[in-house]
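The values are calculated or read from the model by the stated rules, or taken from the named source; none is laboratory data. Here the structure is a predicted model, which is why all the values come from computation and not from measurement. Cβ atoms come from the backbone with ideal geometry, glycine included; neighbour counts cover every protein chain shown.
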Amino acid sequence: MADALLQVRDVHLALPAADGPRPVLAGVDLAVPRGSFTCVVGPSGCGKSTLLGVVAGLRRPDRGQVLLDGCDVTGVPGRAAWMAQDDLLLEWRTVLDNVALGLEVQGVRRRDARERVRDLLVEFGLADHADARPSELSGGLRQRAALARTVAQGRDLLLLDEPFGALDALTRLHLQRWLAATWAQHRWTVVMVTHDVREAVALADQVVRLSGQPARVAARHPVDDPRPRHPTRPGAGARAVEHSVLTGLGALGVADAEPDRARHDP
Amino acid sequence: MADALLQVRDVHLALPAADGPRPVLAGVDLAVPRGSFTCVVGPSGCGKSTLLGVVAGLRRPDRGQVLLDGCDVTGVPGRAAWMAQDDLLLEWRTVLDNVALGLEVQGVRRRDARERVRDLLVEFGLADHADARPSELSGGLRQRAALARTVAQGRDLLLLDEPFGALDALTRLHLQRWLAATWAQHRWTVVMVTHDVREAVALADQVVRLSGQPARVAARHPVDDPRPRHPTRPGAGARAVEHSVLTGLGALGVADAEPDRARHDP
Amino acid sequence: DGAATDADRPVVRFALDWTPNTNHTGLEVALAQGWFDDAGLDVQVLPYTDVQPDALIDAGAAEAGISFHGDSVLAQAAGADVVAVLAPLQHWASAIAVRADDATITRPRDLDGRVYAGFGGPAEVPLLQAVIRADGGRGDVTAVTLGTSAYAALYAGEADVAIPFVAWEGLAAQRVGTPLRYFRYTDYGFPDAYAVLVDARRSWVADEPEVAAAFVDALRRGYQYAADHPDEAAELLVAAHPDAFADPGMVVESQRLLAAEYMRAADGTVGGIETAQLAGYGDFLLEQGLLAGPDGDVLTTRPDWSTFHVDLGGEP
Amino acid sequence: MTDVPGRALAVGVGGLALLGVWQVVVATGDVAPRLLPSPARVAQQAWTHRDALATHAGATLTVTLVGFAVSVAVAWALAVTLDRLPRLRTGVVPLLVASQTVPVLVVAPLLVLWFGFGLAPKVLVVTLVTFFPVALGLVEGFAAAGPGASALLATMGASRWQEFVHVRLPAAMPRFFTALRIGVTYAVVGAVVAEYAGAVQGLGTYMTMQRAAFRTDLVLAAVGACAALTLALYALTCAVERVVVPWGRARRVRRG
Amino acid sequence: MTDVPGRALAVGVGGLALLGVWQVVVATGDVAPRLLPSPARVAQQAWTHRDALATHAGATLTVTLVGFAVSVAVAWALAVTLDRLPRLRTGVVPLLVASQTVPVLVVAPLLVLWFGFGLAPKVLVVTLVTFFPVALGLVEGFAAAGPGASALLATMGASRWQEFVHVRLPAAMPRFFTALRIGVTYAVVGAVVAEYAGAVQGLGTYMTMQRAAFRTDLVLAAVGACAALTLALYALTCAVERVVVPWGRARRVRRG
Ligand SMILES: Nc1ncnc2c1ncn2[C@@H]1O[C@H](COP(=O)(O)OP(=O)(O)OP(=O)(O)O)[C@@H](O)[C@H]1O
Ligand SMILES: Nc1ncnc2c1ncn2[C@@H]1O[C@H](COP(=O)(O)OP(=O)(O)OP(=O)(O)O)[C@@H](O)[C@H]1O
Ligand SMILES: Cc1ncc(C[n+]2csc(CCO)c2C)c(N)n1
Ligand SMILES: [Mg+2]
Ligand SMILES: [Mg+2]
């Protein structure tokens, strides 16, 4: 782990709630090697997005550190491209201009930035909507625009919070493949939150499972299947990991139990 | 189809776009029998949410009719409980009050409404967040609150737009089961948009697939597997339907093709 | 004083032109001495407002009030329901004034090209111009409409000339060490005029002549007393407005000056209005084309000045 | 909430700095005290005349409160009506704008002519001066409710009234309070203007008198009293907002 | 856009209805024309004196435009500064509020005494009257940008300036224009007040003079000129908003 690009060390964080501060992260440790693909899974509301925010430098943890390339970047944003769970499209920019935003911020002239992201719009099925306002997009189109904006920044480290949650099977497959291929080509480092375990094992080098409230890392599963992989036809290693992650989440246990008596125990 | 509770007849609708009105629905026909469970699938941005809005009476189509119980209710809202794709939680209400909103609108006193939805909050894993503001919720918690608000209205007809899109495997399973069981018990009629085909075949009596831009009904697949069903272990009938829906969507073809050369063709 | 508590006493609302000053002394005397009460009147003095007393009287918001020679004539020509009933000051008590320390203005014609600080009245500039021209100047002054801060502008040097009351602003300026130099209208060909007039609603005078007469009589007695006993009258004024005067000594001095030089007619009487004197300045306004009739058109025919005042009797 | 003392401190420091500069300017420069007295002198004279100031301030406060209450009521009635009748809105809003262009200074004396020296004309002036920003804030606030929430209520079978209560009303609150803050600021000024036009008592009357008496120090003392009144009312609206719009400044943390 | 003629019609009808009522009241009731002349008479006299009115309106327009331009500049400078220095904000905003409580009516004459009869004191009065609502609208508009968008910009490595330009600035636009509309309305009134305090020309001066001459009809004609000026400026801000904030009224349809 000495060569890990990103290290999260013993991160603790409490967030305000109606009845006072509530611990959300309680000693999260994470190591992400350079050029690897990490998926984070865990029960809804456990703290995945919060953890991603800490890694992005948007939230300063109460305790613990975030190291990037060995440097302490705790609470310092601006090192990674971040895609929020809600898309955060800027209502005052068209789809094209939203996608070009990152480049503009990097100092690229507006016209050049637009030119450079046009291909991406085509790739993401957004070409027809380049001049639409976000308020005129469907949920899936919004999510694609947000993802396009994130990758358009051309960063080495991507932090993605459920990037495919609102997509239909075909678009999802297409973008998963596009991401896997582009990642492999550019040697990006990706940390991606998802609630689709099959997606996680299809894409990741390691799947990190968080436990619920407050969140700790409950398990780390390396996925060693060769690439390129078929998301809809997982190999033996991926199937094994999928099974143990689902078991860890408690999803298999429930599925096997008598349907009507099943109860959710967070 | 004479006894269909809900009928959608030849619905056409164009929405404004940067380059003038763009047809979104082009002759959609749908029949939903009373007490049945219908799932709508289709490519992202094809018009599923728009169609649901038409059914809910929120949008008046340019042409065509929506019949409920034989009555023309085109453009008349207020007959069905509707859950939007984005959760539409009211920021000025706590989770509890958001869920109780429908009852309050029906004239139930605020205190009584709150009392009556408490159990639902527990069922949906929201009990800990009853007094939280929507802005303090994770994406999955928001979605659960929106779903709880929809079912809390106690309507016979539910229109759900991707109700489980932001949920982790376990919570999703749990709520799918809860919905299937409650639907069976109350003989609700449900129309649900989803992009998860496995979810669709696990829950539905019929799966309706829309084609893309502009949307038409491309196929109708009855699912005749006996209930209760296991979402994670589909029966033979369900597996067959899943296969043909995925094929129809083009997702299987892509999955089988050479990964790196796959291209999205909308 | 049984009459004083009688709720049925006729009410006379009286409008003021300015914050309390010695032009009001007679009114305060009559109030303080209870002469209105004795006449069975309930006189209510309205506070000073931005609205001209003539407008208040015309609108029915007051029965009587303080006006000026020019203003009264203008209002009556325009058809306002007012009429002059009393002349507290029998002579022209205001004057064109510059700062005495301004050596560049020693006579009216030096005012050419200067800034006049005024109130927006229609007669001010023509009057000023007439004086300048009578002195051989061109009469091109810039008029700035300032209202209540006109004198402050003069003292501050922002304006060069203003029209103060000699016995009020003039005295005040002198007592704070910035004395003024005056150019008197009568020195430049103008007939004498009534500086201050009391106007009443014409229809009120017609409808309730006894009440109006009783009121004017009591008021005239007040001014008579102020002319006869300036020191006592000044004290009554100060006592009626304990907060208003920073320098009570000036009030006494002002009242003495008024009593000595401005309040009595040539025959020594107080308050009376002569048609001839009213007509003098009235004709000037008419000739200047400053009088407009009720329809807004400039008056061309000479009005019957004798109808512009009524003598309600009483002992002069 | 915890930063209230810090806030008070900041305000205090800012205010004192301003007064300090003023005092120094007056002390060093040769400004005639008739034109600009020192703050120390103003304070001392204000203390001497505190009884008169308090009486007049009380009168002004009454006018302000009654007038502003009427104004807010009028603004609400109007905004709710316009919100429900959008047709009317396009026709009426420009007329409201036009109504604002009538200078109060011109109208106030006319009101005195028509209504005399009682409370009525003053309340009217305050209302005229303040109802517009409040009504405009409300109208735009109602419109600020997104269409989604209204659609939701429609599917719940909500009446227009329920939609209004549950969606447009709460959505308008933030802008309403911004407008209320602007309005209350002008309310005191309006009351003073009204008193200028004609009043027996009040800070406006007091200022007129003191100005005519060349007592700039007392005029400024009255201005100070005005400022104190307004700040108190402004703080009050902030406090009310904190109670009425708790979601506005909810336990907010940076997201991610 | 298509409803501009309809809108103009609605305004016209509303305005004419009002004038009609007024004309009827004057014609039937026995109101002295000195107190309340009929609109027909006002219009006719306005036409007769159109040259004088135009000259004075021109002077007022100049003061208004220069003053409001300065005001908007000051408001921007202030709001941007306060937005970047939140510490300062808690201390300064109450002082701004206090600055608004100083009645212009009292200050305007002092300003004239200090700065003379040129443009300066009038521009100052307009600025004093209008910068506050504009600045407040901007400050609250900047704050209205959700924390999410700012967080996004931070992860993009945006400087504070870039965050401002790309997030806070556009987010503030709707409230800025609301504030601008309130501000421009008061700008004309402010100019008139300033002219009341002391001016050679302008509608305020003209009103004073005509009031003194008992020409209520011409006073009202000047009031009408004021209203026309304000409406024109108000319409201008609306037009500018439509260009600057296209997303505000984007091809909006009911959702679902
Ligand atoms: N308010 C709107 N104004 C203009 N166009 C709109 C609007 N809402 C949706 N559209 C367009 O209509 C089409 C259908 O949108 P809709 O939301 O119905 O898609 P969907 O099938 O629900 O997609 P998804 O699976 O991504 O939610 C899209 O192309 C979208 O851009
Ligand atoms: N701004 C906030 N203020 C207070 N509490 C918050 C805030 N944001 C999140 N929380 C709480 O912190 C917990 C973790 O939230 P987080 O968004 O990290 O969950 P998550 O794992 O991403 O869930 P999901 O899968 O539903 O998106 C939740 O209980 C949530 O209610
Ligand atoms: C004490 C006192 N001083 C000044 C004025 C103001 N004023 C109004 S009209 C006029 C005379 C010229 O028309 C003057 C000087 C006043 N009313 N009373
Ligand atoms: Mg999340
Ligand atoms: Mg959708």
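Tabulated results
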read-out	value
All positions within region B:217-249 that are surrounded by fewer than 17 Cβ atoms within 10 Å (Cβ to Cβ) and charged (D, E, K, R)	B:Arg220, B:Asp224, B:Arg227, B:Arg233, B:Arg239
Test: residue in region D:132-140 that is within 16 Å of E:Gly137 (Cα to Cα) and within 14 Å of chain B (Cβ to nearest Cβ)	no
Flag if A:Leu15 is near ligand 2 (Cβ under 7 Å from one of its atoms), of a type in the set (A, V, I, L, M, F, W, C), modelled with pLDDT of 95 or more and in the same structural domain as A:Leu203 (by TED's automatic domain parsing)	no
One residue from E:Leu65, E:Leu19 being away from every other protein chain (no Cβ under 12 Å), surrounded by 14 or more Cβ atoms within 10 Å (Cβ to Cβ) and farther than 30 Å from D:Ala221 by Cα	E:Leu65
Check on A:Gly140, modelled with pLDDT under 95, on the phi > 0 side of the Ramachandran plot and more than 16 Å from ligand 4 (Cβ to nearest atom)	no
Residues satisfying the stated conditions in region D:97-112, i.e. part of a helix (DSSP H, G or I) and closer than 18 Å to D:Val123 by Cα	D:Ser99, D:Gln100, D:Val104, D:Leu105, D:Val106, D:Val107, D:Ala108, D:Pro109, D:Leu110, D:Leu111, D:Val112
Considering residues of region C:64-120 that are of a type in the set (S, T, N, Q) and under 16 Å from C:Tyr182 (Cα atoms) only, the residue farthest from the other protein chains (Cβ to nearest Cβ)	C:Thr106
Selected residue (only one of E:Gly190, E:Gly202, E:Gly183, E:Gly224 is away from ligand 4 (no atom under 16 Å from the Cβ), under 24 Å from D:Val193 (Cβ atoms) and touching an Asp or Glu at 6+ places or on another chain (Cβ under 8 Å))	E:Gly202
Which listed residue is facing another protein chain (nearest Cβ under 9 Å) and surrounded by fewer than 22 Cβ atoms within 10 Å (Cβ to Cβ), from C:Thr142, C:Thr178	C:Thr142
Qualifying positions in region D:177-196 - more than 9 Å from the chain's Cα centre (by Cα), at the interface with chain E (Cβ under 9 Å from one of its Cβ atoms) and closer than 19 Å to D:Thr60 by Cβ	D:Val192, D:Val193, D:Tyr196
Checking D:Thr127 against (1) under 30 Å from E:Met173 (Cβ atoms); (2) under 19 Å from the mean Cα position of the chain (by Cα), the condition it does not meet	(1)
Region B:166-183 - residue that is within 15 Å of the chain's Cα centre (by Cα) and within 12 Å of ligand 2 (Cβ to nearest atom) and, of those, farthest from the other protein chains (Cβ to nearest Cβ)	B:Arg172
Of residues in region B:106-136 being in a helix (DSSP H, G or I) and touching a residue at least 40 places away in the same chain (Cβ under 8 Å), the one nearest to B:Leu170 (Cα to Cα)	B:Glu123
Residues of region D:92-140 satisfying the condition of being closer than 27 Å to A:Ser135 by Cβ, touching a residue at least 40 places away in the same chain (Cβ under 8 Å) and not aliphatic (A, V, I, L, M)	D:Gly137
Count of region B:62-83 residues which are of a type outside the set (A, V, I, L, M, F, W, C), within 11 Å of chain E (Cβ to nearest Cβ) and buried (at least 19 other Cβ atoms within 10 Å of the Cβ)	1
Members of region A:84-139 found to be within 10 Å of chain B (Cβ to nearest Cβ) and among the β-branched types (Val, Ile, Thr), listed by number	A:Thr94, A:Val95, A:Val122
Hey, E:Thr127 more than 26 Å from D:Tyr196 (Cβ to Cβ), in a helix (DSSP H, G or I) and modelled with pLDDT of 85 or more or not	no
Strands (runs of 3 or more DSSP E) contained in region C:1-79 and holding at least 1 residues farther than 22 Å from C:Gln224 by Cα and either of a type outside the set (Asp, Glu) or within 13 Å of ligand 3 (Cβ to nearest atom) (or both)	C:11-15
Candidate set from region A:207-266 (those that are under 25 Å from B:Leu246 (Cα atoms) and small (Gly, Ala, Ser)); member that is modelled with the highest pLDDT	A:Ala240
Top-ranked residue of region E:197-215 - restricted to ones that are surrounded by fewer than 24 Cβ atoms within 10 Å (Cβ to Cβ) and more than 7 Å from chain C (Cβ to nearest Cβ), ranked as farthest from D:Val104 (Cα to Cα)	E:Gln201
Qualifying residues in region C:233-248 (those that are small (Gly, Ala, Ser) and touching a residue at least 24 places away in the same chain (Cβ under 8 Å)) - the one farthest from the other protein chains (Cβ to nearest Cβ)	C:Ala233
Residue in region A:145-165 that is within 8 Å of another protein chain (Cβ to nearest Cβ), buried (at least 24 other Cβ atoms within 10 Å of the Cβ), within 16 Å of ligand 1 (Cβ to nearest atom) and under 21 Å from A:Leu96 (Cβ atoms) present	no
